[in-house]
Amino acid sequence: MNIKKILVPTDFSKGSEVAYPVAQNIADVFGSVIDFIHVIPTLKYLNESIKRLGVPLDMNKDIYPRIMEESELKLKKAMGQYLKEINTGKHIIKIERRPSAAIIEYASKHGYDMIVLGSHGKDETKFIRGGTTERVIRGSKVPVFSVDSRFDGNNVNNIVLTTDSSELSISAFPLAVTLADSYGADLTLFHVIELYGSVSEEIPRNPAKGEQISIYEGIINRINHFLDSRKFDSMHVQRSGVTFEDEVIITEGDKSKTIPLYTKIEKGISAHYEIETYATEHADIVVMATHGHSGFAHLILGSTAEKVAQYVRKPVVTIRPDENDFKPVES
């Protein structure tokens, strides 16, 4: 995967500033162009109150233009301070009622490859990620990389991809490989066998190998099938002969490189709790698809992804595949 266009939303808070150097770090690897966007929330009720009071002020003529002018100066200053000139793109200012919706729409409409934003902006909440960030993660079709002040781009050793073994969840694999390659990190597949059932029950069990090894081999086979069917010809998983330890082979012309690939399978009552526990101790970045199947009732993985995004104290990268691409072809 190639990350050529990055969108960085900001509300100029300390929380949003942490995303600036991360975006530049990614741009260093991929030669990306970085655009900044600031969304000014519409002050509907204030505007109506001013009109009722008869105050000689007009929001559209007197207030918003001043805010936009001040915002433009702040955007230019931030981009000049944090970005290299070769990677500096344009700055965008929009006036919308809901900042998250404006960010999602703009990123989708203008063909961005990734949104990089702080876990918290000014909208502080009790959760690890603020309301605006959480809504962008939930609704964006563009991959979202949310980080906080603890993230050290120079110390990324292990990227964890969560999977429930479904093809939808595996669709995040190429993005996880791309990040592991760019950061020089290992990649770990993390799967939870939930107490009340999961999609991995569809994987045939070999009594001679046991449950965990059967699931492990099934996931690796599904990944290679996904890569073949989706024409990711430059990438495949090569078995090493050591259980739970393999390699991702990336070919570029007549050259190739490898990324260590580990598989970790845990048993637990809830996937999001096990993911949170494992990621806290072992992950530097968590990657996951925001749709998929999880649990015996084939619930949307979005609920698990949402809880992980709220509670995991690690950078989270989410990708939302188009579910229509994964529907069985009718004969």
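Listed values for the stretch 218-235 are Karplus-derived 3J(HN,Hα) couplings in whole Hz (6.51 cos²θ - 1.76 cosθ + 1.60, θ = phi - 60°), namely x, 5, 4, 5, 5, 5, 5, 5, 4, 4, 5, 6, 9, 6, 7, 5, 8, 9, and x replaces Gly and Pro. Neighbours of Ala185, meaning other residues whose beta-carbon lies under 14 angstrom from its beta-carbon, give a summed charge of -3 when Lys and Arg score +1 and Asp and Glu score -1.
Close amide H contacts of Ser119 (hydrogens built in the peptide plane, cut-off under 5 Å, sequence separation of 5 or more or a different chain): Val147, Asp148. Amide H contacts of Ile285: Asn158, Val160, each under 5 Å away and 5 or more positions distant or on a separate chain (H built 1.01 Å from N in the peptide plane; Pro and chain starts excluded). Cross-link check: pairs Lys4/Lys314; Lys76/Lys141; Lys14/Lys84; Lys5/Lys109 evaluated at a Cα-Cα cut-off of 22 Å; pairs beyond the cut-off: Lys4/Lys314; Lys76/Lys141.
In plain terms, the residue of Met79, Met1, Met114 with the fewest other Cβ atoms within 10 Å comes first and the most crowded comes last, giving Met1, Met79, Met114.
Each value in this text was obtained by applying a stated rule to the coordinates, not by laboratory testing. Every value quoted in this text rests on a predicted model; they were computed, and no experiment measured them. A quick note on method: Cβ atoms are made from the backbone with ideal geometry, for glycine too, and the neighbour counts reach across all protein chains shown.
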